[in-house]
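Remarks on the structure that follows.
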Amino acid sequence: MKKVKMNSGIKKLSRYRRHRYAGPALLVIALISLGTTYQVASALPSTSRMESTEQSTLIEEGKRIFAQGCSSCHGLNAEGGGIAPSLIGVGAASVDFQVGTGRMPMADMSQQAMRKQPIYNAEQTAALAAYVASLAPGPDAVNEAQLTFERDGNTAEGGELFRTNCAMCHNFAGQGGALTQGKYAPTLMGVDAKYIYEAMITGPQSMPVFSDKTITPEEKLSIIKWIKAAEKEPNLGGASLGRVGPVTEGLLVWTLGLGLLIGIAVWLTAKAR
Amino acid sequence: MKKAERIGGNVASYVDDRTGAAKWLRKNLTKVFPDHWSFMLGEIVLYSFIILLLSGTFLTFWFDPSQREVVYEGSYEPLENIKMSAAYASTLHISFDVRGGLLMRQIHHWAALIFMAGMIAHLMRVFFTGAFRKPREANWLIGIGLVTLGIVEGFLGYSLPDDLLSGTGIRIAEAIIQALPVVGSYLAFFAFGGAFPGEAFIPRIFTVHVLLLPGIFLALITIHLMLVWYQKHTQYPGPGRTEKNVVGYPLMPIYMAKAGGFFFIVFGVTAFLGAVASINPIWLYGPYNPGQISAGSQPDFYMGWLDGLVRMAPPIETHAFGHTISWNILIPGLIIPGILFTLMALYPFIEAWMTGDKREHHLLERPRNNPNRTAIGAMSLAFILVVLINGGNDIIATHFALTINQIMWFTRIGVIVIPPLTFVITKRICLSLQRADREKVLHGRETGRLVMLPHGEFIEVHEELTPAQKFTLTQHEQPPALEVPREDANGVLNPQGLKGKLRARFSQAHVEQVPAPTESEAKALESGHH
């Protein structure tokens with residue numbers, strides 16, 4: 001019975017297919033559906049337009065901060081000047097690293113910008129980064145979600161990469177080292193993983209850029225994992241003496257070592273009173 | 001007599017009947033040694049050598065002197081599955097998987113540093129007190145040999161673990177060998193059994209480090225001590241001390257106790273350092289790979305001055321007849337150290353020639369009483385210190401916010417300017433001290449007590465020195481300068497030529513002294529009013 005009823009419904013519809021209003025009715029249905037689709041589709045750009053307004057206010061904010069805090073050296077349009085490089089094309093990663101670690105703005109025009117308490121907070125830094133990124137494309141700032149070194153890194157492999165690519169300036173244990181004319185490779189102890197990553201992709205100060213072709217993103221994560229392991233590694237042999245090699249060892253043996261022994265020798269040969 | 005005493009006596013006479021040991025022992029056990037802290041510097045060296053032998057033997061039980069490539073599977077995670085030499089892997093094994101291994105390694109290395117530092121301190125004592133004079137020139141030469149071999153032995157020792165730092169050092173050693181003109185490259189190929197790094201040098205330096213050099217050390221130290229025994233120990237001047245006697249305590253029991261106790265103290269201090277202070281943390285350096293290097297790579301301190309010399313050398317090379325001569329390595333790496341060690345070895349003979357003094361000396365000199373020698377010693381130390389500073393220039397730069405270039409230029413100029421300045425200043429200080437001694441003998445010690453005399457005059461009370469103190473401050477001899485004849489019997493001017501002139505000039509410099517007060521001067525003062 002049911003089956004018959006259903007069949008009769010379809011038959012009823014098909015009976016109208018040659019009706020003279022069938023064509024116009026179909027046209028109306030098509031137009032309505034097209035319009036609705038267009039409406040829905042055009043609604044999407046309208047939300048993204050809202051986001052881009054937010055983005056442009058961020059860029060505006062960044063431009064305002066830039067004009068106040070950076071332009072005296074880097075130029076009003078970040079085009080650079082006699083004492084500071086152009087920032088066009090350096091990307092958000094560079095700004096995030098330099099401003100986020102307090103290197104920029106510089107406290108004084110010394111050999112190189114040093115790490116210090118940041119002057120701008122996270123929002124202001126993001127605004128500056130957005131402004132500089134809007135000038136020309138460059139590497140994006142690294143977000144926490146990318147830093148999966150705990151899961152994807154390999155400590156031992158990171159150590160090998162570190163010794164091959166980083167130790168020549170940053171010392172075997174990441175303690176930093178001297179470069180020419182008072183420049184230096186800073187210590188890597190206590191540096192956020194994010195900033196280590198950004199330094200590798202932007203090459204701040206005297207540091208070369210390690211592109212993803214030279215050191216793949218996974219390898220970068222391994223390096224970070226090794227640095228974090230070195231940071232946490234207890235001093236297995238006793239006092240570390242700064243992890244800078246034999247200079248401090250020699251200093252200790254002449255002061256404490258021989259000092260103690262000579263002191264005892266003086267005591268042993270002192271005249272009884 | 002108790003039973004134990006009777007048995008002991010029987011054993012003793014049994015041995016004595018057959019060896020005659022009693023007479024020998026009586027003579028030698030009562031041998032007298034003078035007492036002074038600076039005479040124990042050599043003991044520090046001897047005891048740290050014994051510690052080195054003991055701890056080194058322990059390390060050889062597990063060390064594998066081979067450059068065979070292995071994959072690390074030990075308990076230090078940051079190096080897991082890394083390819084390395086068996087030498088490095090076995091050093092990691094000693095450090096982390098052998099009970100007490102890391103402590104022993106650290107004791108061995110600290111003992112090596114104390115051995116070298118003690119030797120240098122002992123050498124300075126012998127130099128500044130004039131203990132190298134006749135008849136002890138041979139022992140001086142043996143000492144110089146020991147210092148030189150000590151530098152080599154230490155360098156080979158820290159090269160054995162085949163870590164990144166030690167490999168860097170070996171690479172520099174290879175560069176210095178290669179810098180030898182003409183034969184350099186052949187010699188380097190011979191030493192390394194082919195191109196650097198090859199697979200031969202760890203087994204080779206192992207044999208030299210644990211067999212050849214310790215054997216030579218044992219022989220030289222034995223001769224050194226036998227000569228001290230035979231020639232008797234020198235002593236500082238004082239009442240009752242002459243060139244013919246030795247004032248001090250007998251070996252048995254006093255020196256046995258002191259020296260034996262001091263051995264345990266040296267061992268204790270070394271073990272203390274090994275327990276609390278990290279030394280050569282090879283696991284942080286990583287395995288050696290010629291493609292890698294660490295910032296601030298430094299040798300141990302006794303090589304540091306050499307490194308400093310090489311670092312300050314300007315880049316000069318000549319190319320001639322298809323050979324490159326690297327003056328920038330050759331001069332600081334071989335020529336200057338060669339000159340320095342030759343001068344140091346020959347100094348006793350140079351001084352004897354300058355002063356014309358051929359007599360035996362068993363009484364030491366206070367450094368101030370021989371201003372020229374003291375100034376020469378201070379000058380040499382200043383030279384070594386300046387180049388040592390340049391050896392650590394990168395560490396000094398980062399830790400004191402200086403630039404490497406500033407330090408290098410400071411030391412480049414300083415190495416020429418500072419030693420002569422040190423010579424002049426030291427000599428003046430010595431002469432001032434002599435003047436102060438003279439003042440003390442003649443006028444007594446200033447007590448700082450002011451006394452008003454009945455008639456109103458204020459005087460400061462000077463406390464007269466005891467006769468013993470006066471003797472000590474005035475006993476030193478002040479020989480006149482050498483008489484070099486201006487013309488000989490036939491009227492020929494300067495018969496000894498330039499050599500004679502030079503000798504007269506040196507002798508003149510050597511005898512520049514503040515005259516020690518004479519007895520008559522002291523008497524004259526005593527009778528008068530000052």
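Between the Cα long axis of helix A:155-165 and the first principal axis of chain A there is an angle of about 70°, rounded to the nearest 10. Taking a ≥ b ≥ c as the square roots of the eigenvalues of the Cα gyration tensor of the protein assembly as shown, is the shape rounded (a/c under 1.5), prolate (a/b larger than b/c) or oblate? Prolate is the answer for the protein assembly as shown, as a/c is 1.5 or above and a/b outweighs b/c. Loop only per DSSP, at most 10 neighbouring Cβ atoms within 10 Å: give me the trypsin sites (Lys or Arg not before Pro) in the range B:222-316, ordered by residue number. Those that pass, being in a loop and sparsely packed, are B:Lys244. Indicate the gyration tensor shape class of the range B:1-145 (rounded, prolate or oblate), computed on the Cα atoms with a ≥ b ≥ c the square roots of the eigenvalues: a/c under 1.5 is rounded; otherwise a/b larger than b/c is prolate and the rest oblate. Because a/c hits 1.5 or more and a/b fails to exceed b/c, the range B:1-145 counts as oblate.
Ordering of B:483-490, B:287-294 by packing is B:287-294, B:483-490, highest average first (other Cβ atoms within 10 Å, averaged per residue). Partner aspartates and glutamates whose Cα lies under 20 Å from the Cα of B:Lys244, excluding those fewer than 8 positions away in the same chain, are identified as B:Asp35, B:Glu137, B:Asp357, B:Glu360, B:Glu365, B:Glu477. Across the range A:58-95, the residues whose backbone nitrogen lies under 17 Å from the label position 7 Å along the beta-carbon direction of A:Asp192 are A:92-95.
With a ≥ b ≥ c the root eigenvalues of the C-alpha gyration tensor of the range A:29-141, is it rounded (a/c under 1.5), prolate (a/b larger than b/c) or oblate?
Verdict is prolate for the range A:29-141.
How high is the FRET efficiency from B:Leu225 to B:Glu457, r the C-beta distance, R0 45 Å, rounded to 0.05?
FRET efficiency, B:Leu225 to B:Glu457: 0.15.
Report note on the peptides A:183-193, A:168-178, B:64-74, B:373-383: ranked by the mean count of other C-beta atoms within 10 Å, highest first, their order is A:168-178, B:373-383, A:183-193, B:64-74. Partner shielding of A:232-239 amounts to 6, given as the average count of beta-carbon atoms from other chains within 10 Å of each residue beta-carbon.
Straight Cα distances below 30 angstrom link A:Lys228 to the lysines A:Lys116, A:Lys183, A:Lys194, A:Lys213, A:Lys220, B:Lys83, with same-chain residues fewer than 8 positions distant left out.
Each residue of the range B:189-205 was assigned a 3J(HN,Hα) from its phi angle through the Karplus expression (A = 6.51, B = -1.76, C = 1.60, θ = phi - 60°), giving 4, 5, 5, 9, x, x, 6, 5, x, x, 10, 9, 6, 5, x, 5, 5 Hz with x at Gly and Pro. In plain terms, the chain from B:Thr19 to B:Lys358 could stretch by 118.0 nm, reckoned as 0.36 nm per residue minus the Cα-Cα distance. Compared with the dominant Cα axis of chain B, that is its longest principal axis, helix B:3-19 is turned about 90°. With axes computed from alpha carbons, what is the tilt in degrees of helix B:41-60 against the longest principal axis of chain B, rounded to the nearest 10 within 0 to 90? Once rounded, one gets 10 degrees.
Within 10 Å of the Cβ of each residue in A:162-174, the mean number of Cβ atoms contributed by other protein chains is 5. Partner shielding of B:114-121 amounts to 3, given as the average count of beta-carbon atoms from other chains within 10 Å of each residue beta-carbon.
Taken together, the values in this text are just the output of simple stated rules run on the coordinates, not laboratory data. Just so we're clear, the structure is a prediction, and the values are computed from it rather than from any experiment. Note that we place each Cβ from the backbone using ideal geometry, even for glycine, and neighbour counts take in every protein chain shown.
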